[in-house]
Amino acid sequence: MGSALLAMTVCFCMKAILRIFFKLLYHQFAFAYDMVAASVSFNRWKDWGKSVVPFIEGNRILEIGHGPGHLHRVLLDRGLFAVGIDESRQMITLTKRRAQGSARLTRGLAQHLPFPNEIFDTVISTFPADFITDPRTLAEVKRCLSNGGTFIVLPVAWPKNPFLDWLFKVTGESPSEAMELVKTRFRQPFVSAGFKTKVQMLDVKSSILLIIVATKDMR
């Protein structure tokens, strides 16, 4: 009992520390975000983000949690009417700089989107935090999407490398089993929110990406 309690305490403390770390990285230390993201993704971060572009439909796009603005710049360069929302003042500053003043950005929360009903054809979010599956976020996205509009979320990526293969062998779990569990976990909140939901597994060079394509039913 004592060992179990100790393990739970250590786990809780680690999660708390990670939450604080990522909050600082997204706000006060936003200038270092790209460097950290490149390191943990084996320098694939930007390419992973761009992988959602082929799934975009229509011209009016909302990006939730645009971060330092790499994907947002791609959207603007493609001539799309792209709007971004982020809670971080520092990330908004970075994106404005990257977009050279052409970005349409607002500071706010996904749970309270400051936009009219049915105004966007596609809403996208890449590597968001847990807020993305908050029922309030999903309800707000659904409200802002046009009928038949699409919500595209890239929540997770698996780099292909020998260490991960070794880790799966040690745990006795196959990669396919792990991916099915993750697919189910991420898909269910969108289904519960009333979206017609598909989960795509995209093989991109040295990585496997999980992409959720959630469609608002036509009325």
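Structure above, values below:
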| read-out | value |
| --- | --- |
| Number of positions in the stretch 110-149 that are surrounded by 23 or more Cβ atoms within 10 Å (Cβ to Cβ), hydroxyl-bearing (Ser, Thr, Tyr) and farther than 21 Å from ARG185 by Cβ | 1 |
| Any strands (runs of 3 or more DSSP E) falling wholly within the stretch 101-160 and containing at least 1 residues that are more than 22 Å from LYS196 (Cα to Cα) | 104-107, 145-159 |
| Odd one out for SER102 among (1) closer than 27 Å to ILE208 by Cβ; (2) modelled with pLDDT under 85 | (1) |
| Failed criterion for GLY79 (all others in (1) closer than 22 Å to LEU138 by Cα; (2) not in a helix (DSSP H, G or I) hold) | (1) |
| Total residues in the stretch 170-214, condition modelled with pLDDT under 75 and not β-branched (Val, Ile, Thr) | 12 |
| Residue under evaluation LEU167, criteria (1) surrounded by 11 or more Cβ atoms within 10 Å (Cβ to Cβ); (2) at pLDDT 65 or above, criterion not met | (2) |
| Residue in the stretch 62-76 that is farthest from THR150 (Cα to Cα), counting only those that are outside any helix (DSSP H, G or I) and out of contact with any His (no Cβ under 9 Å at 6 or more places or on another chain) | PRO68 |
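The values are calculated or read from the model by the stated rules, or taken from the named source; none is laboratory data. Quick caveat, the model's predicted, so the values are computed rather than measured. Here Cβ is always computed from backbone atoms with ideal geometry, including for glycine, and neighbour counts include all displayed protein chains.
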